[in-house]
Number of protein chains: 2
Amino acid sequence: MDASAPSSSPQSPWLPFESRRRARDEKREAVLRAAVGLFLEQGYHRATLNDVAKRLNITKPALYNYFRSKDEILFECWSLGNELVDDCIAETSAGGGTGLDKLRKLTVRYAELMTTDYGKSLVRFDVRDLNEDNRKIVQTAKKRIDRAFRDYIVQGIDDGSVRPCDPKLSAFAIAGSLNWIGHWFQPGGPMTGKAVAEEFAIRLTEGIATTTTRKKAGKPPRTGNAAREDRSEHHERTAARAAGQSKRARSRLR
Amino acid sequence: MDASAPSSSPQSPWLPFESRRRARDEKREAVLRAAVGLFLEQGYHRATLNDVAKRLNITKPALYNYFRSKDEILFECWSLGNELVDDCIAETSAGGGTGLDKLRKLTVRYAELMTTDYGKSLVRFDVRDLNEDNRKIVQTAKKRIDRAFRDYIVQGIDDGSVRPCDPKLSAFAIAGSLNWIGHWFQPGGPMTGKAVAEEFAIRLTEGIATTTTRKKAGKPPRTGNAAREDRSEHHERTAARAAGQSKRARSRLR
DNA sequence: ACTATTTATTACCCATGGGTAATATACGGG
DNA sequence: CCCGTATATTACCCATGGGTAATAAATAGT
């Protein structure tokens with residue numbers, strides 16, 4: 001599908017003074033891509049809608065064909081990121097393994113997410129910039145993410161793969177460390193996102209694991225079904241789709 | 001000294017319609033206390049100088065007797081927090097112990113700092129809101145903090161108290177987790193700042209220590225002089241005083 | 001081709017909030 | 001008692017930027 005030309009990846013669907021066609025949803029997404037980039041670069045309050053528009057070769061009022069307000073754009077950016085996290089959690093929960101296995105899996109995926117724009121938007125944007133409704137949604141979603149980490153830890157303690165500890169604080173410690181990646185990681189740096197993610201996954205779970213990973217020992221304890229490797233097909237996410245009227249065409253977000 | 005009355009801690013030195021005397025520096029600090037609180041509650045951009053002034057029972061232009069601009073206030077808030085960190089680092093470096101000892105000591109102190117207003121300002125405020133000069137200062141200071149963590153880790157690897165690892169990433173992992181405390185900790189919550197700090201110190205260093213702390217074993221390895229316990233007298237900080245023309249009367253900041 | 005709909009543009013509104021000027025009040029000292 | 005200085009107030013300026021109205025250009029359907 002998608003008979004779009006072998007185009008040299010036109011950053012913006014609006015070419016300076018040219019044919020401007022294309023599906024509405026693609027433009028919507030293009031706006032979000034431009035917005036999330038600018039919001040991260042400049043900060044939400046310093047980045048103006050004029051800036052966003054300029055980056056797309058259009059003018060500010062055109063944006064209002066796709067969004068009702070600046071904070072709605074912010075919310076949608078966050079929302080896309082949240083869908084990605086939900087994917088991580090859903091995949092991880094679906095796959096088998098001990099609590100520790102799941103914790104590690106989620107940690108890797110989450111860490112890698114934090115090196116991407118939409119991932120960063122989860123931790124760099126300020127909920128207080130949203131309207132009340134959206135703020136509630138975001139706060140609920142954040143709780144759910146925290147829950148995932150915490151549940152895996154509890155599960156790990158139960159099945160013996162994780163040493164007894166305070167799940168709440170441990171989850172905070174791990175998630176905090178990961179969230180912070182979103183503050184310092186820059187794509188241009190010496191390390192790839194994946195590399196950081198894997199290193200962090202080891203480092204962060206090492207402290208609470210019953211088994212050590214020193215000197216890359218083969219994954220030691222594995223309860224039932226081994227972790228399946230299907231990360232290609234996005235199995236229809238369940239209720240998780242907490243973010244608003246998200247029916248958008250989740251196409252290439254990378 | 002400080003023969004101030006046994007006053008019932010007047011939150012603001014400007015009582016509604018009353019005697020308004022007091023040393024200039026105290027007022028300056030009062031402004032900063034009000035500002036840091038508001039900036040944290042509302043976010044720098046949503047908090048207005050009118051808000052700050054109102055909280056002090058004065059009006060906006062009065063603030064300009066003490067500061068030249070809003071972003072200077074922001075900088076000074078950050079600066080006070082930075083002095084506190086510098087104290088932590090100086091104390092820790094002065095005290096003895098293995099690299100791990102120092103890492104733990106710094107971790108505890110830093111974590112606790114993150115539960116205070118001025119500590120939070122170090123990680124919640126956006127450097128991009130500062131003017132170019134101050135931004136440089138902040139960035140330099142941040143590097144120095146990172147360096148402290150990293151140095152202790154390296155030192156620990158050398159003296160055998162810390163397992164071989166990438167100091168850079170490990171420092172990021174630990175500091176990130178601590179910094180995140182500044183985002184979620186709220187004084188009203190179930191845990192005291194000190195409690196969080198101690199728990200985090202254990203949890204975060206456990207992963208890279210050569211010796212385990214499971215079941216609160218007495219501190220195992222200790223090289224030379226045991227960690228001294230003098231945290232009362234602030235030994236004159238050295239060069240560390242990177243923050244601008246800081247000659248302020250660092251009195252009660254808590 | 002003609003028209004309806006979508007999508008963009010130009011030109012504007014206006015609330016917000018940082019910052020300033022002019023002025024008033026308090027204070028300390030000779 | 002009067003004056004200079006420090007500190008506060010009232011009243012204002014104005015750049016910024018989110019958002020809208022009126023209008024023009026492109027697109028699709030018939």
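What's the total number of residues in the stretch B:158-168 that are part of a helix (DSSP H, G or I) and more than 14 Å from chain A (Cβ to nearest Cβ)? The total comes to 2. For the stretch B:109-116, check the following and say yes or no: at least one residue is more than 24 Å from B:Tyr44 (Cα to Cα) and in contact with a Cys (Cβ under 8 Å, 6 or more places away or on another chain). Yes, there is a match, as at least one residue in the stretch B:109-116 is more than 24 Å from B:Tyr44 (Cα to Cα) and in contact with a Cys (Cβ under 8 Å, 6 or more places away or on another chain). Of all residues in the stretch B:149-165, those being surrounded by fewer than 23 Cβ atoms within 10 Å (Cβ to Cβ) and over 10 Å from B:Ala209 (Cα atoms) number 7. Could you tell me which of the residues A:Gly43, A:Gly97 is at positive phi, in contact with a helix residue (DSSP H, G or I) (Cβ under 9 Å, 6 or more places away or on another chain) and not assigned by TED's automatic domain parsing to the domain that holds A:Ile174? A:Gly43 is the lone residue from the list that is at positive phi, in contact with a helix residue (DSSP H, G or I) (Cβ under 9 Å, 6 or more places away or on another chain) and not assigned by TED's automatic domain parsing to the domain that holds A:Ile174. When A:Glu91, A:Glu72 are checked against the criterion of being within 11 Å of DNA strand D (Cβ to nearest atom) and either assigned to a helix (DSSP H, G or I) or open to solvent by 10 Å² or more (accessible area, probe 1.4 Å) (or both), a single residue qualifies: A:Glu72. Mind listing just one residue for me: the one in the stretch B:177-206 that is farther than 15 Å from B:Arg109 by Cα and either out of contact with any Ser or Thr (no Cβ under 8 Å at 6 or more places or on another chain) or part of a helix (DSSP H, G or I) (or both) and, of those, nearest to the other protein chains (Cβ to nearest Cβ)? Ranking the candidates gives B:Glu206 first. Annotation: B:Ala171 fulfils all but one of (1) in contact with a Lys or Arg (Cβ under 8 Å, 6 or more places away or on another chain); (2) more than 13 Å from every other protein chain (Cβ to nearest Cβ); the unmet one is (2). Contact map, the stretch A:128-144: first residue more than 13 Å from chain B (Cβ to nearest Cβ), second residue in a helix (DSSP H, G or I), Cβ cut-off under 7 Å, separation 6 or more or different chains; pairs are A:Asn131/A:Asp71; A:Asn134/A:Phe75; A:Val138/A:Trp78; A:Val138/A:Val127; A:Ala141/A:Asn82. A search for C-beta distances below 6 Å between a residue of the stretch A:29-57 that is without any contact (Cβ under 8 Å) to a residue 24 or more places away in the chain and open to solvent by less than 10 Å² (accessible area, probe 1.4 Å) and any residue that is more than 16 Å from DNA strand C (Cβ to nearest atom) and small (Gly, Ala, Ser), counting only pairs 6+ apart in sequence or on different chains, returns A:Leu38/A:Ala47.
The values are calculated or read from the model by the stated rules, or taken from the named source; none is laboratory data. None of the values given here were measured: they were computed from a predicted structure. As a convention, Cβ positions derive from the backbone with ideal geometry for all residues, glycine included, and neighbour counts pool all protein chains shown. These accessible areas exclude ligands, DNA and RNA; they are computed on the full protein's heavy atoms, side chains included. Shrake-Rupley method; radii C 1.70, N 1.55, O 1.52, S 1.80 Å.
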